[in-house]
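The values are calculated or read from the model by the stated rules, or taken from the named source; none is laboratory data. Only a predicted model underlies this, so the values are computations on that prediction, with no experimental measurement involved. Neighbour counts are summed over all protein chains in view; Cβ atoms, including those assigned to glycine, are modelled from backbone coordinates with ideal geometry.
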């Protein structure tokens with residue numbers, strides 16, 4: 001179906017379904033599933049929100065990039081944190097090892113899905129808004145992705161099927 005050497009990495013805004021879709025896609029492809037947010041929380045022994053509070057936004061982004069740079073396994077579906085695109089070196093490392101899929105949802109859908117950003121551990125400047133974050137990140141997701149998948153109104157299983165079909169088309 002896809003190259004045996006590459007993993008698949010999911011990028012996109014918080015609440016687009018990267019983790020949920022990632023599990024389904026991993027099962028469909030017969031790949032291992034890895035959620036970088038869970039790896040960070042487990043290894044740092046803190047929630048994302050606690051890391052951001054303790055280390056600051058820049059410190060969190062540096063920690064996130066460090067974990068991403070440590071990835072290298074093959075045949076994984078990797079669900080990344082929404083802020084992963086802020087560190088170019090980490091993204092180029094990811095692109096070298098994975099087909100990068102941008103799960104895209106429009107702003108109204110995201111506003112409907114996102115509730116408490118602080119509790120969720122979203123890497124956002126406290127003075128910013130979801131609207132501003134979306135406008136800031138969308139061009140970066142577009143820059144780094146190999147494939148863009150619309151997922152706003154679709155069920156996770158359909159999104160996973162769309163990704164599998166798009167990957168098959170790339171062979």
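One table, with the values for the structure above:
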read-out	value
Filtered residues of the range 32-54 (kept if assigned to a helix (DSSP H, G or I) and over 15 Å from residue 122 (Cα atoms))	39, 42, 43, 44
Qualifying positions in the range 55-85 - without any contact (Cβ under 8 Å) to a residue 24 or more places away in the chain, closer than 18 Å to residue 127 by Cα and in contact with a helix residue (DSSP H, G or I) (Cβ under 9 Å, 6 or more places away or on another chain)	55, 59
So residue 79, is it at pLDDT below 95, within 12 Å of the chain's Cα centre (by Cα) and crowded, with 20+ Cβ neighbours inside 10 Å	no
Residue list for the range 124-146, filter: under 13 Å from residue 101 (Cβ atoms) and surrounded by 16 or more Cβ atoms within 10 Å (Cβ to Cβ)	141, 144, 145, 146
Condition met for residue 40 (without any contact (Cβ under 8 Å) to a residue 60 or more places away in the chain, at negative phi and crowded, with 20+ Cβ neighbours inside 10 Å)	yes
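The rows are residues; the columns are (1) within 17 Å of the chain's Cα centre (by Cα); (2) closer than 26 Å to residue 53 by Cβ; (3) touching a residue at least 60 places away in the same chain (Cβ under 8 Å).
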position: 100; (1), (2), (3): yes, no, yes
position: 107; (1), (2), (3): yes, no, no
position: 144; (1), (2), (3): yes, no, yes
position: 150; (1), (2), (3): yes, no, no
position: 153; (1), (2), (3): no, no, no
position: 163; (1), (2), (3): yes, no, yes
